[in-house]
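The values are calculated or read from the model by the stated rules, or taken from the named source; none is laboratory data. Predicted model, so just to flag it, every value in this text is computed and none were measured. Counting neighbours? That spans all protein chains shown, and the Cβs are built from the backbone with ideal geometry, glycine included.
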Amino acid sequence: MHSEPKMMPRGFHSDAIVRCVTLLPPRRAEHIMGMPAALRRWRRQEVLALIDQTPLHSPRYELVDGELLVTPSSGGLHQIAVLALARALDDYCVSEGIGETFVSPFDAEIERGTLVQPDVFVVPPDEARRLRVERTARTLLLAAEIISPGSERGDRGQKRKLYQRHVPVYWIVDVEARVVERWLPRTARPDLLREHLDWQPAGARQPFRLELHSYFARVYGEGLK
């Protein structure tokens, strides 16, 4: 039996004091997607206010190095890819006792003033206990983004650099190319993985291994009757 990844409802943040800001008028939020990021430097409080105006979590608003990243709603392939990866990771993490798996939408502030929502991420046990009562992840063992229309620039650019600064391993899953990029801290190029995806976190007795041929076949529904 698969243990389900944890999805937390939005609506309240432990750092709720930042919500005492003037909300941007709806027309402003509607035009954000066409706004060149270079025009201004965004603050975390402003992005949280935008998210409060988006109860359906679409588009996704994130903040890295003062730049607002806006990602439109993802499609079915993206959703299936996220859930398939999260289930595999969660089964492994629970069996090894190394932490728990979460999926977006869930805020992470791994560097002061930033706000990201990784598609899939793993946190250690202490952080998992804290997140049962709080709403913002701060310590990640692993982060993974599944590329979707509109997300590639951020996933391979600003967010990749942020994750490399603060997360031991970062995966970019390219469903169309059927490949996973594995980024480690301080590396200039990723490992390109097509056969299997391995991960050996500290404290685990056995490594995590995902057979990528089977994974991408599952995502595309190959073999379904």
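The one condition from (1) modelled with pLDDT under 95; (2) in contact with a His (Cβ under 9 Å, 6 or more places away or on another chain) that residue 152 does not meet is (2).
Filtered by the rule that a residue be under 25 Å from residue 148 (Cα atoms) and in a loop (DSSP other than H, G, I, E, B), segment 97-112 gives 104, 105, 106, 109, 110, 111.
Within segment 88-106, being modelled with pLDDT of 95 or more and surrounded by 18 or more Cβ atoms within 10 Å (Cβ to Cβ) holds for 88, 89, 90, 92, 93, 98, 99, 100, 101, 102, 103.
In the set (1) surrounded by 15 or more Cβ atoms within 10 Å (Cβ to Cβ); (2) more than 16 Å from the chain's Cα centre (by Cα), residue 74 fails one condition alone, (2). Can you name the residue in segment 115-136 that is in contact with a Lys or Arg (Cβ under 7 Å, 6 or more places away or on another chain) and more than 21 Å from residue 88 (Cα to Cα) and, of all such residues, is surrounded by the fewest Cβ atoms within 10 Å (Cβ to Cβ)? Looking at the filtered set, the residue picked out is 115.
Among the residues of segment 198-214, just one is within 16 Å of residue 81 (Cβ to Cβ) and either touching a helix residue (DSSP H, G or I) at 6+ places or on another chain (Cβ under 6 Å) or at pLDDT below 95 (or both), namely 210. Scanning segment 154-188 for residues that are of a type in the set (Lys, Arg) and over 27 Å from residue 221 (Cα atoms), we see that the one that is surrounded by the fewest Cβ atoms within 10 Å (Cβ to Cβ) is 186. Just need a number here: residues in segment 142-153 that are among the polar types (S, T, N, Q) and surrounded by fewer than 21 Cβ atoms within 10 Å (Cβ to Cβ). Number satisfying all stated conditions: 0.
Of the helices (runs of 4 or more DSSP H) contained entirely in segment 126-225, those carrying at least 2 residues that are of a type in the set (Phe, Trp, Tyr) and farther than 22 Å from residue 96 by Cβ fall at 212-220.
When each of 175, 179 is tested for being in contact with a Leu (Cβ under 8 Å, 6 or more places away or on another chain) and without any contact (Cβ under 8 Å) to a residue 60 or more places away in the chain, the lone residue that passes is 179. Report yes if some residue within segment 18-40 is at pLDDT below 85, of a type in the set (Val, Ile, Thr) and touching a helix residue (DSSP H, G or I) at 6+ places or on another chain (Cβ under 6 Å); otherwise report no. Yes, there is a match, as at least one residue in segment 18-40 is at pLDDT below 85, of a type in the set (Val, Ile, Thr) and touching a helix residue (DSSP H, G or I) at 6+ places or on another chain (Cβ under 6 Å).
Can you say whether residue 148 is within 26 Å of residue 218 (Cβ to Cβ), free of Cβ contacts under 8 Å to residues at least 24 places away in the same chain and polar (S, T, N, Q), as far as the supplied structure shows? So residue 148 fails the test.
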